[in-house]
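Chemist: I am attaching a structure below and will ask some questions about it afterwards.
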Amino acid sequence: MAQPLVKKDDDHDDELEYSPFMGIEKGAVLQEARVFNDPQVDPRRCSQVITKLLYLLNQGESFTKVEATEVFFSVTKLFQSKDTGLRRMVYLIIKELSPSSDEVIIVTSSLMKDMNSKIDMYRANAIRVLCRIIDGTLLTQIERYLKQAIVDKNPVVSSAALVSGLHLLKTNPEIVKRWSNEVQEGIQSRSALVQFHALALLHQIRQNDRLAVSKLVGSLTRGSVRSPLAQCLLIRYTSQVIRDMSNHGQSGERPFYEFLESCLRHKAEMVILEAARAITELDGVTSRELTPAITVLQLFLSSPRPVLRFAAVRTLNKVAMTHPMAVTNCNIDMESLISDQNRSIATLAITTLLKTGNESSVERLMKQITNFMSDIADEFKIVVVEAIRSLCVKFPLKYRSLMTFLSNILREEGGFEYKRAIVDSIVTIIRDIPDAKESGLLHLCEFIEDCEFTYLSTQILHFLGIEGPITSDPSKYIRYIYNRVHLENATVRAAAVSTLAKFGFMVESLKPRITVLLKRCIYDSDDEVRDRATLYLSVLGGDGTVDTEKDSKEFLFGPLEVPLVNMETSLKNYDPSEEAFDINSVPKEVKSLPLAEKKAQGKKPTGLGAPPAAPTSGFDGYEKLLSSIPEFAAFGKLFKSSPPVELTEAETEYAVNVVKHIFDGHVVFQYNCTNTIPEQLLERVNVIVDASEAEEFSEAASKALNSLPYDSPGQAFVAFEKPAGVPAVGKFSNTLTFVVKEVDTSTGEAEDDGVEDEYQLEDLEVVAADYIVKVGVSNFRNAWENMDEEDEHVDEYGLGQRESLGEAIKAVIDLLGMQSCEGTETVPSNARSHTCLLSGVYIGNVKVLVRAQFGMDSTKEIAMKLAVRAEDVSVAEAIHEIVANG
Amino acid sequence: MELPPKVKNILLLDSEGKRIAVKYYTDDWPTNAAKEAFEKTVFTKTQKTNARAEVEVTALENNIIVYKFVEDLHFFVTGGEEENELILACVLQGLFDAVNLLLRGNVDKREALDNLDLIFLCIDEIIDGGIVLETDANVIVGKAGINSVDPNAPLSEQTISQAFATAREHFTRSLMK
């Protein structure tokens, strides 16, 4: 029926390819599958139908549960046929159908029969199928046969059983572990693959027994492994053993290194590569150990086979990150790879060269790369650009050729990410190399003349505004900037206006001309552009709205000291009124919402009798909440609120956590209470605080919670007075007191009479870190150098044994409660030393910066050198005190 | 921790990137859509390269992919980024040679589709659940091609009805061309 149609298509289009599966349809194939039920099985026909079913599955078609079951049942009938080809297909389709456990029973007897068949192919495949579909109970029944199969004379059967063992180990480890004797025998097998599979399984069985693995590796490295695959595996196990040993403090000659080194002379390339990689990845590898590995990789670099070149250059690229000197010998071979047909190889070669290259080779390298850049994809280009940036930082003298290169590629076609990488690199170079500034700025100017990315244009304009005015001839940039005002969209125009204003302010000679230009912008079609122009004109004109030069400088160039999110919420809360918006009222705390709080908030609407839902988290929320309580309104501005500290175990009757609010002369504890018993209503909930271990504090006020129904959180407060501006510390013990009333859960009504009760809470501490606010700085080095060096306090501390450097650093950050800067809180794995930069504001609005250097010795003892700079010497001392007592 | 070399998938695509036979061994691509997207990326990325003489290699999304093309067939083997690419290449070569033997040297899309059962068996014999089972093409062919119904076998070895079926099939095929 379909044939005439197909023919017609062919007439139209000769290229339409013939396919035996053309127009194949699931429904029709499922119909065809009924031939499996025929009393006289036609093996050929059945094989074809199975192939069609497999084809459908392979194309992503899915069978419904019913369809799959039906096919499965009819397939099982085919076990009657003696045709081996058909049987092979039956095995395949059963694996693909992955029948459910209750269906499996139908085939197990057939498969078990095949497992003991005389035909090797039946045995091997029946094992693979059976192990794929059975569960633990059935496995115990066939365990005996599997053990036999492992030591079967036929390697195919043996491999099938071993590989199945590897899969089964995940689900039924205790059973597979009983086979180790047989598996051990497999290792002695003459067949290469049986040995490989046996080794994999035996190691997997023993992996948790360090000694056994070490013994296994020890005996095999003496040379009885035949197949390259097994040898690769052995190398992997060996490096694992080496790692374990060095972790356990064994020193001296590295064990098994000789074995790895001997594998570099193996005849199979995959083994050589595996060994070379293992050597380069050794912990703390020495250059003497590296040399032989690098030498074989160097040979691979000139291989005619792309896979070998790729493998070698990929490995060398990694080595270059840690041991650039070791790789320099390969530079000549690597340079010839820049023109490699395979772009992955070429890119890896370039980035490796950029890491290892020396000053004299830079220019030659740049020339070669230029030819190469035009025909690779953006993702590769970005890798290259980033490598060039780090090269430039390494060899500042070579900035000229590197800058030329960057500006050339900047002019070529490319996507946003690529262009941004280039611009970022140029900016980095300008920042780090003063000589490069003028040419770099001009390159950027030329770029924005024809830049399709608004984001990049505004960034560059902003950067120009900062760097441009302090160059030798600022006037030459004006043309580029003013052109933006004519030719670009509103966002870029607004940015250009700001930049112009900065020039006008900084360069007295340009002021009149800039004023003229800005006046023209007053008629712009966009609000923001007009507003900015008007604003800057008045700043430049000095017509009295802005008082001093210092103020306008601060205004134009000063950083925004508050986080943008906080600024946004403050502005939203601001009611237009007589009183002007005061930027100083914006909280400076970097906000991080505690998760638990967030969850609790969105949980339930508060009951009728409950107070109107107050925002209970976040700095703004706290501030609002506290200032709305008359008792606390007079405490002044909130300095800091701590994250909630749990005072009860999880899942107790009453869940209480506390937030510490620090004011200049007061501390307020906010107890967030939740009643988790549906049958109870709590009234007059109060917290009795015993401050006998906190001498400097005296209770000033408290506010009880009138009613605490089931599952709607409420707050009780206790306020303490403390000496103003002093970071007083102390320990407080808390008891929750309340009146319990029984609640009839069916009606929700509470009884009239209640019983007084109390509930012991955990102690609470006010620590020094509560007096430090996390405030980040954008440029730590600048901030650090701006502080007086005289006031620096340095001391050294031993932090004792720790698991890792990262753990020690986290402990110090938590102790100080300061903001880590420039991502220095993360430590590269297995680093032995690290410097962490912290910043914060101490109570009394004193800026504090900390530079903490950590070092770890071989016994994991950690030492810390702590340098503190603060606007006030006593504060720097206080920080040291915190650390000394922590 | 698992140390044995692992293959993540084997792909056999045609010259337009369409599936002929694929097999995935990990859950990195949980849905058919994810699989197809991966195949498309791999195909587009390697399409313009010349992988006819030698096995080629590339890195993609934390995976290493080795590949080889012949006629309108594209063979791929994928492994994790830490994998030894020479082992992957060895698997690919095994697959490639085995298919070549099974199709008696006529390796193209049409032959592959005509003998899709053999291709499926061949893949099944090379990798079992991600673990390398066999890489020697002759052994693979010995196992996959065992007693396969050979359409070119002498007619005397077939029953009358089988012979009739074969003849009918040859006839329809020639009609459809």
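Chemist: Which members of region A:446-476 meet the condition of being farther than 22 Å from A:T404 by Cβ and touching a residue at least 40 places away in the same chain (Cβ under 8 Å)?
Modeler: A:I466 - this is the single residue of region A:446-476 that is farther than 22 Å from A:T404 by Cβ and touching a residue at least 40 places away in the same chain (Cβ under 8 Å).
Chemist: Please enumerate the residues belonging to region A:75-95 that are open to solvent by 70 Å² or more (accessible area, probe 1.4 Å) and within 12 Å of chain B (Cβ to nearest Cβ).
Modeler: Of everything in region A:75-95, just one residue is open to solvent by 70 Å² or more (accessible area, probe 1.4 Å) and within 12 Å of chain B (Cβ to nearest Cβ), namely A:K82.
Chemist: Take the residues of region A:702-719 that are open to solvent by 20 Å² or more (accessible area, probe 1.4 Å) and part of a strand (DSSP E or B): which is nearest to A:I629 (Cα to Cα)?
Modeler: Among residues in region A:702-719 that are open to solvent by 20 Å² or more (accessible area, probe 1.4 Å) and part of a strand (DSSP E or B), the one nearest to A:I629 (Cα to Cα) is A:K703.
Chemist: Picking from A:M121, A:M22, which residue would you name as being open to solvent by less than 30 Å² (accessible area, probe 1.4 Å) and either within 14 Å of another protein chain (Cβ to nearest Cβ) or within 29 Å of B:D108 (Cβ to Cβ) (or both)?
Modeler: That would be A:M121, the only listed residue that is open to solvent by less than 30 Å² (accessible area, probe 1.4 Å) and either within 14 Å of another protein chain (Cβ to nearest Cβ) or within 29 Å of B:D108 (Cβ to Cβ) (or both).
Chemist: I'd like the full set of residues that are hydroxyl-bearing (S, T, Y) and either assigned to a helix (DSSP H, G or I) or within 25 Å of A:I175 (Cβ to Cβ) (or both), limited to region A:196-232.
Modeler: A:S214, A:S219
Chemist: How many of the residues making up region B:85-110 are touching a strand residue (DSSP E or B) at 6+ places or on another chain (Cβ under 9 Å) and assigned to a loop (DSSP other than H, G, I, E, B)?
Modeler: The total comes to 2.
Chemist: State the number of residues belonging to region A:162-179 that are closer than 13 Å to B:P4 by Cα and either away from every other protein chain (no Cβ under 12 Å) or of a type outside the set (A, V, I, L, M, F, W, C) (or both).
Modeler: Result for region A:162-179: 1.
Chemist: Select from region B:120-140 the residues that are over 12 Å from B:L101 (Cβ atoms) and of a type in the set (V, I, T) and write down the one among them that is farthest from the other protein chains (Cβ to nearest Cβ).
Modeler: B:I126
Chemist: Let me ask you something else. If we keep just the residues of region A:440-450 that are of a type outside the set (A, V, I, L, M) and in contact with a helix residue (DSSP H, G or I) (Cβ under 6 Å, 6 or more places away or on another chain), which is farthest from A:R479 (Cα to Cα)?
Modeler: A:G440
Chemist: Something else now. When the residues of region A:31-42 are filtered to those that are part of a helix (DSSP H, G or I) and surrounded by fewer than 19 Cβ atoms within 10 Å (Cβ to Cβ), which remaining residue is nearest to the other protein chains (Cβ to nearest Cβ)?
Modeler: Ranking the qualifying residues of region A:31-42, first place goes to A:V35.
Chemist: Here's another thing I want to ask about it. For the subset of region A:260-277 comprising residues that are assigned to a helix (DSSP H, G or I) and away from chain B (no Cβ under 14 Å), which member is least open to solvent (accessible area, probe 1.4 Å)?
Modeler: Here the residue is A:L260.
Chemist: Among what's in region B:1-24 and is charged (D, E, K, R) and open to solvent by 10 Å² or more (accessible area, probe 1.4 Å), pick the residue that is nearest to the other protein chains (Cβ to nearest Cβ).
Modeler: Looking at the filtered set, the residue picked out is B:R19.
Chemist: Run A:H661 past the list (1) in contact with a Ser or Thr (Cβ under 9 Å, 6 or more places away or on another chain); (2) at pLDDT below 85 and report the number of the one that doesn't hold.
Modeler: Answer for A:H661: the failing condition is (2).
Chemist: Can you name the condition, by its number, that A:Y257 falls short on among (1) open to solvent by less than 50 Å² (accessible area, probe 1.4 Å); (2) among the hydroxyl-bearing types (S, T, Y); (3) within 29 Å of B:G129 (Cα to Cα)?
Modeler: Status for A:Y257: all satisfied but (3).
Chemist: Return a yes/no flag: does region B:25-41 have any residue that is within 24 Å of A:N342 (Cβ to Cβ), within 11 Å of another protein chain (Cβ to nearest Cβ), among the charged types (D, E, K, R) and surrounded by fewer than 16 Cβ atoms within 10 Å (Cβ to Cβ).
Modeler: No: zero hits.
Chemist: With (1) within 12 Å of chain B (Cβ to nearest Cβ); (2) open to solvent by less than 10 Å² (accessible area, probe 1.4 Å) as the list, and A:L146 as the residue in question, which single condition is left unmet?
Modeler: Among (1) within 12 Å of chain B (Cβ to nearest Cβ); (2) open to solvent by less than 10 Å² (accessible area, probe 1.4 Å), the lone unmet condition for A:L146 is (1).
Chemist: Given the structure, is A:L799 under 15 Å from A:K774 (Cβ atoms) and in contact (Cβ under 8 Å) with a residue 60 or more places away in the chain?
Modeler: Criteria not met by A:L799.
Chemist: So A:Y842 fits all but one of (1) of a type in the set (S, T, Y); (2) open to solvent by less than 70 Å² (accessible area, probe 1.4 Å); (3) without any contact (Cβ under 8 Å) to a residue 24 or more places away in the chain; what number is the exception?
Modeler: Of (1) of a type in the set (S, T, Y); (2) open to solvent by less than 70 Å² (accessible area, probe 1.4 Å); (3) without any contact (Cβ under 8 Å) to a residue 24 or more places away in the chain, only one is false for A:Y842: (3).
Chemist: State all residues of region B:85-109 that are open to solvent by 10 Å² or more (accessible area, probe 1.4 Å), in contact with a Ser or Thr (Cβ under 9 Å, 6 or more places away or on another chain) and not hydrophobic (A, V, I, L, M, F, W, C); if no residue qualifies, say none.
Modeler: Selection gives B:Q93, B:K109.
Chemist: Could you check how many residues of region B:42-69 are among the small types (G, A, S), open to solvent by 10 Å² or more (accessible area, probe 1.4 Å) and either in contact with a Phe, Trp or Tyr (Cβ under 6 Å, 6 or more places away or on another chain) or more than 12 Å from chain A (Cβ to nearest Cβ) (or both)?
Modeler: 0
The values are calculated or read from the model by the stated rules, or taken from the named source; none is laboratory data. Quick caveat, the model's predicted, so the values are computed rather than measured. All Cβ positions, even for glycine, are placed from backbone atoms using ideal geometry, and neighbour counts span all protein chains on display. Please note that ligands, DNA and RNA were not included when accessible areas were found on the heavy atoms of the full protein model with its side chains. Shrake-Rupley method; radii C 1.70, N 1.55, O 1.52, S 1.80 Å.
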